[in-house]
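Everything below concerns the one structure shown next.
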Ligand SMILES: NC(=O)c1ccc[n+]([C@@H]2O[C@H](COP(=O)([O-])OP(=O)(O)OC[C@H]3O[C@@H](n4cnc5c(N)ncnc54)[C@H](O)[C@@H]3O)[C@@H](O)[C@H]2O)c1
């Protein structure tokens, strides 16, 4: 077997043994244990690893894995703040007061993490003690954010609509941390336009980034999560798509966006049904408009400025009036914030008994019906 697959299995074996998040980082020091794995499949390799690790192994430990000519040496350790995951069947488990703690010590990926909602999610996960991979087309922005956050933040240049790029992203995460617990598929774009006027290229780009990319991210990161699960059958992991209220109700002159987001809900439900056997939960968060983010508030190209210029809001002569018009559509009187999205995200990760759901975070603007 390939050593990168063995790393994922070793992480799984340690998750299974400790019920606590663990990272495997490349090491140059002498290993305390060397394990030669000659196995024909993942289950056999996991068993070999389990048998070879000393009972009650304490971390950190430097472990070398060899397979034929290939070898890899890693330090296995718990990040500060990592705590054992409570048994979900325990009635007292998982108090909401410590919800942010559910991600402490875990490995997370946020696509489109350089700005907007993604940046907010990156910052919150990092502050909660997770190791966060910031994958973005804008590598400079992702690198600047990772630098600012320091340890436990890794920038990766990635085009989520390109399969090779997403495969490279998954390989980078495995080589850096040995596996992953939480995938946040957030990168998205808005290409508004009338169905009678819109170019096919704009429609296709929206579909590629908002819809197809979620398939690619789930395919390549889901493979890592499934392999890890072979060695850690009780360890629950999450794939979360940042969808939109436009994935729940149609959006006038914005069909490319709303259609791609509606499609995302279909993928979420279908992937959830398939991946549940590997204890991978797949859910969506559907936020309302993020008026404070660059998409709306950018002083040059933001939607408030665009809508002012195009006269979309009758009688508005100032950006503030356009904003007030849109805020008045929200029963709770304001746009969605990163913190609102994070409360839903922590709920989804903590909730051991739900999958395939779309959680609205819209201040009451969209209410579910069936
Ligand atoms: N802004 C809102 O009002 C709003 C509301 C509901 C849902 N959303 C959803 O939230 C998500 C984030 O939106 P936002 O408003 O924060 O966007 P944003 O434009 O502020 O940021 C998007 C980030 O994704 C990156 N990105 C774009 N295409 C990419 C690609 N192909 N590969 C990798 N990275 C790419 C960009 O470089 C950028 O850093 C999207 O899925 C969006 O549909 C946004």
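Checking 280, 242 one by one, the residue that is within 16 Å of the ligand (Cβ to nearest atom), within 20 Å of the chain's Cα centre (by Cα), at pLDDT 95 or above and within 29 Å of residue 180 (Cα to Cα) is 242 and no other. When each of 338, 302, 293 is tested for being within 13 Å of the ligand (Cβ to nearest atom), more than 23 Å from residue 222 (Cβ to Cβ), free of Cβ contacts under 8 Å to residues at least 24 places away in the same chain and touching a helix residue (DSSP H, G or I) at 6+ places or on another chain (Cβ under 7 Å), the lone residue that passes is 302. Only residues that are part of a loop (DSSP other than H, G, I, E, B), within 10 Å of residue 304 (Cβ to Cβ) and touching a helix residue (DSSP H, G or I) at 6+ places or on another chain (Cβ under 7 Å) were counted in region 318-335, giving 0.
Can you confirm whether region 137-157 contains a residue that is within 24 Å of residue 362 (Cβ to Cβ) and away from the ligand (no atom under 14 Å from the Cβ)? No, region 137-157 has no match at all. Being surrounded by 19 or more Cβ atoms within 10 Å (Cβ to Cβ) and not in a loop (DSSP other than H, G, I, E, B) holds for only one residue in 82, 76, 17, 43, and it is 76. Search region 243-256 for residues being touching a helix residue (DSSP H, G or I) at 6+ places or on another chain (Cβ under 6 Å) and buried (at least 18 other Cβ atoms within 10 Å of the Cβ), and hand back the single one that is farthest from residue 341 (Cα to Cα). Top of the filtered list is 256. For region 114-128, filtered to residues that are over 22 Å from residue 244 (Cβ atoms) and crowded, with 20+ Cβ neighbours inside 10 Å, the residue that is nearest to the ligand (Cβ to nearest atom) is 126. Does residue 208 satisfy the criteria of being part of a helix (DSSP H, G or I) and either out of contact with any strand residue (DSSP E or B) (no Cβ under 8 Å at 6 or more places or on another chain) or within 16 Å of the ligand (Cβ to nearest atom) (or both)? When the stated conditions are applied, residue 208 passes them. What about residue 213, is it near the ligand (Cβ under 10 Å from one of its atoms), in contact (Cβ under 8 Å) with a residue 24 or more places away in the chain, more than 20 Å from residue 236 (Cα to Cα) and over 15 Å from the mean Cα position of the chain (by Cα)? So residue 213 fails the test. Of the residues examined, residue 348 is one that is more than 15 Å from the ligand (Cβ to nearest atom), assigned by TED's automatic domain parsing to the domain that holds residue 250, at pLDDT 95 or above and buried (at least 16 other Cβ atoms within 10 Å of the Cβ). From the list 289, 301, the lone residue that is exposed (fewer than 15 other Cβ atoms within 10 Å of the Cβ) and under 17 Å from residue 189 (Cβ atoms) is 301.
The values are calculated or read from the model by the stated rules, or taken from the named source; none is laboratory data. Worth saying up front: this structure is predicted, and the values here are computed from it rather than measured. Every residue, glycine among them, receives a Cβ derived from its backbone with ideal geometry; neighbour counts consider all protein chains shown.
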